[in-house]
Amino acid sequence: DAFQWVMYYGDRPAYETVAAAILQGLFARFPNVQLLLSQQGTVWVPYIVRKMDHAFLMGRRATWGKLEMRPSDYFRRHVRVAPYPEENVDRVIESVGVEPITFGSDFPHGEGLPDPSLYKAQLQNCNDEQVRAIMRDNLAGFLDLA
């Protein structure tokens, strides 16, 4: 139903997972751990990053250990997300930069694109280096590929 779709199949599980990993010190304790959220979109990213940084700047402590940097910095270093083709990628870039963003397509599902080059329409405000990072390099780095 609509309630389940809104509350459990979208943003909330994604930002609860990311917030728990960052604010409970997972990445501070295990600096080699990386997290990729696929099929969650990215509309939630600016909100949760802003909320986590606000809590951090107010002096809220991590559950275990100490956060040595802002939650948004942990996000940039440890989390990768794949925006849906219809999402505003510029808004995500504005909040966390290009580093966490990866291209993903789940074609033939409804959110997938049959031709990955169609996704570049979402990246029209990005320079060539940023487009290459989103379309290839960020995921290749996450997977430890040359």
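Proximity of backbone amide H atoms, modeled 1.01 Å from N, is registered between Leu36 and Arg80 at under 5 Å, excluding neighbours fewer than 5 places apart on the same chain. Charges were assigned to the Cβ only: +1 to each Lys and Arg, -1 to each Asp and Glu. The resulting dipole of the chain about its Cα centre is roughly 740 debye.
Three principal axis extents describe the C-alpha atoms of the stretch 54-94; from largest down they are 37, 19, 13 Å.
In the chain, helical runs assigned H by DSSP with n ≥ 4 each contribute -39500 (n - 2.57); averaged across all residues and rounded to the nearest 500, the mean residue ellipticity at 222 nm is -11500 deg cm²/dmol. With the biggest extent put first, the Cα atoms of the chain measure 45, 43, 25 Å across the principal axes. List residues of the stretch 22-50, by number, whose backbone nitrogen lies under 12 Å from a label position 7 Å along Cα→C-beta of Asp90. In the stretch 22-50, the label zone of Asp90 (backbone N under 12 Å from the point 7 Å along Cα→Cβ) covers no residue. Put simply, when 10-16, 48-54 are sorted by average Cβ atoms within 10 angstrom per residue, most first, you get 48-54, 10-16. Expressed as an acute angle from 0 to 90° and rounded to the nearest 10, what is the orientation of the C-alpha long axis of helix 45-57 relative to the principal long axis of the chain? The answer is roughly 20 degrees. Estimate the FRET efficiency between Met58 and Leu145 by the formula 1/(1 + (r/R0)^6), using the beta-carbon distance for r and 30 Å for R0, to the nearest 0.05. Plugging the Cβ-Cβ distance into 1/(1 + (r/R0)^6) gives 0.15.
Any read-out appearing in this document is the output of simple, stated calculations on the displayed coordinates, not a laboratory observation. Note that this is a predicted model, so its numbers are computed, not measured. FYI the Cβ positions are ideal-geometry reconstructions off the backbone, even for glycines, and counts take in every protein chain you see.
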